[in-house]
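As structure tokens, the structure follows; a few thoughts come after it.
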Amino acid sequence: MATTTLVCKQCNFENEPERVYCHNCGAKLDRSLLPPEATKREDPVLVQERVRRMVKPRNATLNFHLKNLLSSVVLAGLFAVLVVIIKPPEVKPMLSPDQVMDAPAIVDDMDGELQQPTAHRLAYTEDQINAFLQQSLRGNKGDKAGTPAMKFERAFVRLEDGVCHATMQESLFGLPIYATTVRSLSVRNGAITTQPLGASLGRLPIPARLVPAFEFVFRPLKTVLEHPLKLLSQMQSVTIRKGGVEMITTPARR
């Protein structure tokens, strides 16, 4: 049997029979309009269930607003992170064509000196290294298995005492994206030692302990630097100083 309702005279909203005030407009209800059987004592369990249904919409509305607020906060956080990632860090400018043309053949020098029976000293400035990278990596696409929309553009380094900041620039649909890895690097007696000190995506810093989880990001950079790093590992010693690097070659065995 249908439940008796109490109609509000002000707004014609149909209220539950136990209400005293209209759920819609708040006006006091005329309970004298209820039929006598509706005022009889009902089963408390039925009354409790009806009250629960009356309250539930309010809880549902509150949950709905809380979910919307949480979604807005999450989206705002993601947007803020994205802005920091696409914001360029301290970027080395592209070198002029003349500087690139005068770039030393660093890899050829290293390879040739490692064939000599006596040790030799090789030294290069940061600008010479970047000119070499800009020349030798021109047109290199990096990791061919990467995202088709992502294009490898260039790599450059910034050198401090014992520390190398290696940055790669890629473009995503024409938008420049920068990723930098910061590592200590040294070579002693033919053994290369490297330790991650941190990294960054754009201007978003990545702590050293989290760098291994982002190694996949730097795969194109590792691909293009694989051969130079292999030659470095064969040196007798490699010393990185602010603005340059010095190498002592290992004499070739006869």
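Rule-based calculations on the coordinates, nothing more; no lab input. This one's a predicted model, so the numbers in the text were calculated from it and none came from an experiment. Note: ideal-geometry Cβ built from the backbone for every residue, glycine included; neighbour counts use all protein chains shown.
Tabulated data
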| read-out | value |
| --- | --- |
| Pairs beyond 25 Å (Cα-Cα), from K9/K67; K67/K87; K92/K242; K222/K242 | K9/K67; K67/K87 |
| Label point distance in nm, D30-L229, each placed 7 Å from Cα along Cα→Cβ | 8.7 nm |
| Charge sum, other residues only, whose C-beta stays under 10 Å from P196's C-beta, Lys/Arg counted +1 and Asp/Glu -1 | +1 |
| Order of I240, I86 - criterion: other Cβ atoms within 10 Å of each residue's Cβ, fewest first | I86, I240 |
